[in-house]
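Bear in mind these aren't lab numbers, they're just calculated from the coordinates by the rules spelled out. No experiment lies behind these values; they were computed from the predicted model shown. All Cβ positions, glycine included, derive from the backbone under ideal geometry; neighbour counts span all protein chains shown.
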Amino acid sequence: MSGFDKYNLNAALISALDKLKFSQPTQTQSACLDKVLSGEDVAVEAKTGSGKTLAFGLGILNKLAAAENETAHPHSLVLCPTRELAEQVNYQLQLLARDIPNTKILALFGGVALAPQLASLRHAPAVVVGTPGRVMDIVSQGRLSLGGVRTMVLDEADRMLDMGFSDQVDWILNALHDQLRQNSVTQQSADRLQTLLFSATFGGKIEALSKRYQHQASIIRLGDDAARLNITQVAYKVPSDKRAYAVAAILTEKQSESAIVFCQTKVEVVELSEQLKLDGFSVVQVQGDMEQFERSNAVNLFSTNCANVLVATDVASRGLDIAQVDLVINYRISDDLDIHTHRIGRTGRAGEKGHAVTLIDDEDEIKLIAFNAKLNEDIPIKGGQSLRFHANRIKLPQYVGIQLDAGKKQKVSKGDILGAITKLAKVPAKDIGKIQVGPQKALVAVKLRSAKRILAMFREEKVKGKRIRARKLS
């Protein structure tokens with residue numbers, strides 16, 4: 001018997017949970033799901049990766065399924081701080097809603113052309129997932145009505161405020177409440193707006209946001225002390241001009257399957273990435289000056305094990321669809337303990353062991369001492385002179401990535417791709433790793449020895465009666 005059966009969910013959602021193999025609620029879901037489903041306002045403090053999306057997703061979609069198209073759309077609005085998180089949440093909600101008829105879920109975010117998003121709004125979506133700036137822009141143009149919204153979700157609320165979206169969030173929430181008051185006056189609807197707030201930290205700004213816009217909200221705090229027990233932390237004291245060497249040395253010492261290196265600035269990301277490539281590592285980067293498709297490609301290559309080192313600014317500490325990583329390296333210590341916590345929280349997930357290494361100099365040591373004063377267990381400091389880079393110990397990824405110019409909109413599935421590669425290219429299944437299928441493109445992780453054969457097959461053969469362009473991503 002599934003642990004979700006007790007929540008009296010719509011049958012379509014139970015079916016989706018079964019297909020996704022979600023049998024037991026996480027601690028976060030158990031703590032808040034009853035209140036979310038009953039329509040209460042809830043503010044949840046819980047770490048990234050604790051199952052928050054499923055918690056509010058079930059609430060949104062259960063309410064939507066019960067309405068049976070009797071409500072104006074969009075019915076729900078989810079605000080996220082980054083494009084990557086918006087895409088991730090959008091995809092997860094689509095998976096949950098797969099058995100609910102006529103449920104369109106649409107992502108609206110900046111960094112990409114506006115026109116296709118406006119075209120998608122001609123048929124109103126049931127759920128909008130978006131970044132504050134793009135949603136505000138479209139609403140202010142009169143291209144998106146919030147009159148039917150009955151559930152509002154602020155996901156990673158602390159990150160949204162940290163990134164300077166406070167004014168946009170206020171504008172959207174005020175617009176929602178104004179519309180609700182107008183509806184009440186005209187007796188179009190007497191429904192109350194349910195506001196759900198999820199945040200990894202719950203400081204003064206978040207408390208003020210909750211008090212301003214939530215109605216008698218239940219405050220649920222879930223600590224992450226158990227998760228931190230799975231993470232071994234250490235700091236190395238190194239001169240500033242030796243940081244890149246220290247990163248290379250740590251990577252060859254740990255020989256991790258996957259590692260994220262966090263930098264403070266975009267310039268550091270670019271310079272460190274180039275140096276690590278020269279050293280022989282398989283590296284991708286994520287930073288704010290990159291185009292959206294470049295960022296997506298980088299994250300996809302890393303998450304499919306086609307690259308095993310990701311160098312990024314803090315945009316990657318939250319909101320990217322990246323599972324457990326073995327190692328986190330802080331190229332520079334963060335100015336804030338919460339940000340440090342978010343960074344290292346990419347490792348030590350789901351009961352796995354993780355390692356977090358922070359590089360410091362004399363000036364940074366003061367920050368680390370301040371961190372240690374707030375932590376249950378000090379982060380030990382070691383001398384960087386013990387670190388040695390060994391080029392012959394560089395661990396390279398198992399796979400290379402092949403991108404296909406076809407996806408869900410072309411009716412291409414994982415099964416279609418896998419079948420074509422194994423049957424037409426005669427590549428054994430053991431040479432194929434993860435397959436990701438997006439709206440317009442797909443990414444296939446394959447062993448290097450089979451890459452040429454697969455590329456040749458896509459040049460010469462048709463899949464589902466059509467030619468599909470394929471290229472190897474670097």
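Observations on the model:
- Ordering of 438-444, 33-39 by packing [mean C-beta count within 10 Å, highest first]: 438-444, 33-39
- What separates the Cα centres of the range 354-387 and the range 233-271 is a distance of 14 Å.
- Taking the chain and dividing mean pair separation by its residue count, relative contact order in percent (alpha carbons under 8 Å, at least six apart): 14 percent
- 10 Å Cβ shell holding at most 15 others, DSSP loop, GluC sites (Glu not before Pro): longest site-free stretch of the chain: 71-256
- Whether the chain is rounded, prolate or oblate, judged on the alpha carbon gyration tensor where a/c under 1.5 counts as rounded: oblate
- Phi-based couplings in Hz for the range 418-427 (Karplus 6.51, -1.76, 1.60; Gly and Pro marked x): 4, x, 5, 5, 6, 8, 7, 8, 6, 9
- Bridges between two residues of the chain, per DSSP, are antiparallel at a rate of about 25%.
- Over the range 371-474: Rg over Rh, Cα atoms, Kirkwood Rh: 1.28
- If you plug the beta carbon distance of Glu460 and Gln24 into 1/(1 + (r/R0)^6) with R0 = 51 Å, you get a FRET efficiency near 0.65.
- Phi angles of the range 232-237 translate, via the Karplus equation with coefficients 6.51, -1.76, 1.60 and θ = phi - 60°, into HN-Hα couplings of 8, 10, 8, 10, 10, 8 Hz per residue; Gly and Pro are given as x.
- Segment Gln141..Asp34, full-extension length gain: 34.8 nm, with 0.36 nm per residue of separation and the alpha-carbon distance subtracted.
- Going by neighbour counts of Cβ atoms within 10 Å, the residues Leu95, Leu404, Leu193 line up, fewest first, as Leu95, Leu193, Leu404.
- Distance from the alpha carbon centroid of the range 407-474 to that of the range 280-311 works out to 20 angstrom.
- Nearest-0.05 FRET efficiency for Asn8 and Val267, computed from C-beta distance (R0 35 Å): 0.10
- Note, ³J(HN,Hα) from phi for the range 13-27, Karplus 6.51, -1.76, 1.60, rounded to Hz, x at Gly and Pro: 6, 4, 4, 5, 4, 5, 5, 7, 6, 9, 9, 10, x, 6, 4
- R0 of 35 Å, Cβ-Cβ distance Lys382-Arg221: FRET efficiency to nearest 0.05: 0.55
- Going from the residue with the fewest nearby Cβ atoms within 10 Å to the one with the most, His73, His390 rank His390, His73.
- Amide H contacts for Thr313 (H built 1.01 Å from N in the peptide plane; partners 5 or more residues away or on another chain; cut-off under 5 Å): Cys263, Val286.
- Backbone N under 14 Å from the Gln255 label point (7 Å along Cα→Cβ), restricted to the range 386-415: 390-397
- Compared with the alpha-carbon gap, the fully stretched path from Lys409 to Arg212 is longer by 66.8 nm at 0.36 nm per residue.
- With 5 Å bins from 0: P(r) over the range 5-221, alpha-carbon pairs, percent: 1, 7, 16, 20, 22, 17, 11, 4, 0, 0
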